[in-house]
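Here the structure comes first, spelled out in structure tokens, and everything after it is commentary.
All of the numbers you see were taken from the coordinates with simple rules; none came from a lab. Because the structure is a prediction, the values reported are computed rather than measured. Cβ: placed from backbone, ideal geometry, glycine included. Neighbour counts: every protein chain shown.
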Amino acid sequence: MQMAVKAPSAEVAQARRTLERLRRRASTVQVAADTGIHQSQVSRLLRGHFRRISANVRALLVYAAKPRMRKAQPPADAAKAAVIKAALRTWDATPEGAQALVRLLRSVQEIRRGVRSR
């Protein structure tokens with residue numbers, strides 16, 4: 001027996017169209033960095049994979065409504081901005097916390113160097 005698929009509400013359909021336009025003009029990395037929503041979630045939502053208007057969908061709709069102030073950053077710049085934003089969110093604003101975060105990042109760098117040299 002075949003199940004009937006319920007059509008999305010007018011509000012969801014409009015949100016999907018708006019987010020599709022946003023997907024064409026901005027990278028998911030940049031949107032994630034600007035909104036604080038995880039990049040994989042941004043990607044899913046911008047492709048229209050949602051059934052209801054959640055808090056993240058609302059945040060993306062607000063972001064999409066903002067006028068474009070500047071030219072979109074190249075993907076590498078957007079990725080760099082996302083890393084900086086994540087590091088600043090992680091940092092507890094103390095000198096000790098900064099030193100610990102720098103040590104952690106340097107450890108990751110050393111691990112990556114070790115993997116590449118093998």
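Efficiency by 1/(1 + (r/R0)^6): what FRET value for Leu104 and Arg44, r their Cβ-Cβ distance, R0 = 35 Å, to the nearest 0.05?
0.75
Roughly speaking, what is the stretch gain from Glu96 to Tyr63, that is 0.36 nm per residue apart minus the C-alpha to C-alpha distance, in nm to one decimal?
8.4 nm is the gain from fully extending Glu96 to Tyr63.
Return the distance in nm (one decimal) between the two label points of a simple spin-label model at Glu11 and Thr35, each offset 7 Å from Cα along Cα→Cβ.
Taking the simple label geometry, Glu11 and Thr35 are separated by 1.7 nm.
Excluding residues on the same chain fewer than 8 positions from Lys66, give the aspartates and glutamates whose Cα lies under 12 Å from its Cα.
Cross-link targets: Asp34.
Could you work out the local net charge near Asp34, counting Lys and Arg as +1, Asp and Glu as -1, over the other residues with Cβ closer than 10 Å to its Cβ?
Residues close to Asp34 contribute a combined charge of +2.
Along its principal axes, what span do the Cα atoms of the stretch 10-65 show, with the longest given first and each in whole Å?
Result for the stretch 10-65: principal-axis Cα extents of 29, 20, 18 Å.
Starting from the Cα-Cα distance between Ile53 and Ala4, subtract it from 0.36 nm times their residue separation and give me the gain in nm to one decimal.
Contour length minus the Cα-Cα distance gives 15.5 nm.
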